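To start, the structure under review is shown below, and the notes come after it.
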Amino acid sequence: MARTADLAGNLHLRSQFNQNNLKSDLITKNGFHKNGQRNGTANGVHFSHRARESFEQAPLYVAVMTYLGFGIVTLFGYFRDFLRAVGLEICHLAQEREEQKDFVPLYQDFENFYTRNLYMRVRDNWNRPICSLPGPVFDLMERVSDDYNWTFRLTGRTIENVVNMGSYNYLGFAENNTHFLKTVAETTKEYGVGVCSTRQEMGNLSVHKELEDLVATFLGAESAMTFGMGFATNSMNIPALVGKGSLILSDELNHTSLILGARLSGATIRVFKHNNMQSLERMLREAVSTGQPRTHRPWKKILIVVEGIYSMEGSIVRLPEIVALKKKYKAYLYLDEAHSIGAVGPTGRGVTEYFGIDPSDVDVLMGTFTKSFGAAGGYIAGKKELIDYLRSHSHSAVYATAMCPPVAEQIIRAMKCIMGLDSTTVGIRRVRQLAENTRYFRQRLQELGFIIYGSHESPVVPLLLYMPGKVGAFSRAMLERKIGVVVVGFPATPIGEARARFCVSAAHTREMLDKVLGALDEVGDYLVLKFSRRTPSPRPELYDETDFELDS
């Protein structure tokens with residue numbers, strides 16, 4: 001409790017120090033002078049990135065029509081359930097057997113109600129079968145439904161050259177160029193495809209060691225370890241880091257893998273508002289000053305869990321402020337860079353490079369190879385002591401089969417290309433092309449009048465659709481124009497914020513992007529989707545309310 005008392009005392013003294021106006025005008029706050037320029041540069045961090053995020057509010061009538069649409073669908077859903085109950089409509093979903101009619105229902109709940117009465121209306125927009133390389137363009141197997149999307153049948157025809165705007169192929173490394181994949185083919189010949197063992201038994205190959213050394217060098221970390229599955233990198237390693245008596249402070253928009261890992265750990269979980277430093281600091285201050293519930297003992301560990309780029313919002317973490325807070329309150333920081341590694345930063349090294357933050361200031365650097373590197377799996381990097389501990393305590397490291405050698409070699413190939421270790425400039429040119437494509441696509445969407453979320457530098461571009469009826473209509477209309485898009489609605493998003501999520505790639509040519517923008521212009525007019533009035537939402541205004549200092 002001594003540390004708690006010291007911190008509480010320091011907070012009280014700093015509060016009085018401010019109240020007495022003893023602070024010099026030369027002392028900076030949040031990287032800028034209190035009364036001076038707010039987007040200047042301090043400590044090597046460019047805070048102008050913060051000002052380039054957009055969360056525009058839709059007109060009020062859009063929200064009204066959205067909720068009205070859900071209300072109508074719900075009413076018709078109950079009516080159709082009544083028709084099914086009296087035998088006037090066929091129920092295609094799984095049901096309990098007659099001899100189990102007195103059991104507690106296994107399938108009938110509200111989620112099931114939502115599935116059969118809303119999801120089935122738009123089910124044709126997901127799980128579309130692809131029959132080619134999923135690069136910047138791909139081919140789709142055409143399918144139709146004769147029973148309102150309960151089942152599908154293939155027509156035997158192929159929809160060719162569909163522009164892919166949904167894959168996380170940020171740097172275009174999901175490719176089949178035989179020249180680029182030569183080393184991958186050689187590795188397959190040497191090691192085969194499967195390992196059939198864990199790393200601790202008979203699955204620790206030289207290609208795994210080479211990959212981990214390269215990852216550590218790329219990230220600027222002391223050490224790194226890799227895993228065969230990106231989702232499990234979070235869900236199976238967080239329980240190894242924290243447990244009962246520890247506190248996890250999690251951003252409200254964190255990925256499901258982070259949420260699952262936090263729940264499995266047994267630690268206490270508290271959720272702070274998305275990218276809201278006031279909410280986070282309030283929780284940190286309370287955690288340090290009051291300790292654990294009932295006993296008031298100090299928390300064993302306090303772990304802040306955030307993402308680099310949030311995949312549904314397109315927003316970038318406010319890393320400099322979070323690093324400052326974690327240092328101030330002696331907490332640990334877990335950073336998930338699944339979508340940001342390779343995609344942002346001058347040389348593709350993620351949000352630490354983007355903000356000019358020393359990677360050693362982040363206690364646990366996590367990322368995946370499934371996106372920018374065109375492969376599979378994930379990594380955790382940090383201090384050597386951390387990695388050595390995880391090798392023997394991580395469930396994913398101890399029990400999971402080792403990454404297959406061709407996948408490891410594909411990651412090595414892509415990473416060396418980005419770093420320029422292959423004696424070419426292909427990698428850095430792809431990083432720059434991605435940044436250029438991202439800025440162009442976002443700017444043109446705003447000019448067309450669409451509401452989009454996120455940072456101007458984020459290749460994840462959510463375009464707001466809002467109304468449930470327009471989700472399916474938008475996806476079908478875009479496919480008719482040979483544009484493949486991902487649409488997302490409730491419960492993956494808030495009920496009033498259904499959206500299409502575009503993922504920009506360095507492999508997209510300007511002609512491809514212009515084709516997509518032209519189709520969006522047509523569909524936006526046809527479906528009335530251009531809601532932008534350039535009215536900022538209250539959410540970005542939180543950026544001007546921080547009351548803590550960055551370390552000088």
- Looking at segment 120-131, is at least one residue touching a residue at least 60 places away in the same chain (Cβ under 8 Å), closer than 30 Å to Val461 by Cβ and of a type in the set (Lys, Arg)? yes
- Message: Of the conditions (1) outside any loop (DSSP other than H, G, I, E, B); (2) without any contact (Cβ under 8 Å) to a residue 60 or more places away in the chain, Pro494 satisfies every one except a single condition; which number is it?
- Response: (1)
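Report the residue count in segment 277-312 for those that are closer than 24 Å to Gly367 by Cα, at pLDDT 95 or above and touching a strand residue (DSSP E or B) at 6+ places or on another chain (Cβ under 9 Å). Break it down into steps so the answer makes sense when it comes.
Here is the first cut: in segment 277-312, the residues closer than 24 Å to Gly367 by Cα are 277, 280, 301-312.
Remaining after also requiring at pLDDT 95 or above: 277, 280, 301-310.
If we keep only those that are touching a strand residue (DSSP E or B) at 6+ places or on another chain (Cβ under 9 Å) as well, we get 280, 301-310.
So the answer is 11.
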- Give the residues of segment 464-483 that are closer than 23 Å to Ala174 by Cβ and either open to solvent by less than 10 Å² (accessible area, probe 1.4 Å) or at pLDDT below 95 (or both), sorted by residue number. Ser475, Met478, Ile483
- Note on the structure: In segment 150-179, residues that are within 30 Å of the chain's Cα centre (by Cα) and either open to solvent by 50 Å² or more (accessible area, probe 1.4 Å) or over 30 Å from Gln433 (Cα atoms) (or both) total 5
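The rows are residues; the columns are (1) under 21 Å from Ala338 (Cα atoms); (2) open to solvent by less than 70 Å² (accessible area, probe 1.4 Å); (3) touching a Phe, Trp or Tyr at 6+ places or on another chain (Cβ under 9 Å).
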position: Leu181; (1), (2), (3): no, yes, no
position: Lys189; (1), (2), (3): no, no, no
position: Gly192; (1), (2), (3): no, yes, no
position: Thr217; (1), (2), (3): yes, no, no
position: Ala221; (1), (2), (3): yes, yes, no
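Does Arg510 satisfy the condition of being surrounded by fewer than 16 Cβ atoms within 10 Å (Cβ to Cβ), at pLDDT 95 or above and within 25 Å of the chain's Cα centre (by Cα)?
Against the criterion (surrounded by fewer than 16 Cβ atoms within 10 Å (Cβ to Cβ), at pLDDT 95 or above and within 25 Å of the chain's Cα centre (by Cα)), Arg510 does not qualify.
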- Message: Can you tell me which residue is modelled with the lowest pLDDT among those in segment 89-141 that are surrounded by fewer than 13 Cβ atoms within 10 Å (Cβ to Cβ) and either at positive phi or aromatic (Phe, Trp, Tyr) (or both)?
- Response: Tyr107
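The values are calculated or read from the model by the stated rules, or taken from the named source; none is laboratory data. All figures in this text were calculated on a predicted structure; none of them were measured in a lab. Here Cβ is always computed from backbone atoms with ideal geometry, including for glycine, and neighbour counts include all displayed protein chains. Note: accessible area is taken over every heavy atom of the protein model, side chains too, but ligands, DNA and RNA are not part of it. Shrake-Rupley method; radii C 1.70, N 1.55, O 1.52, S 1.80 Å.
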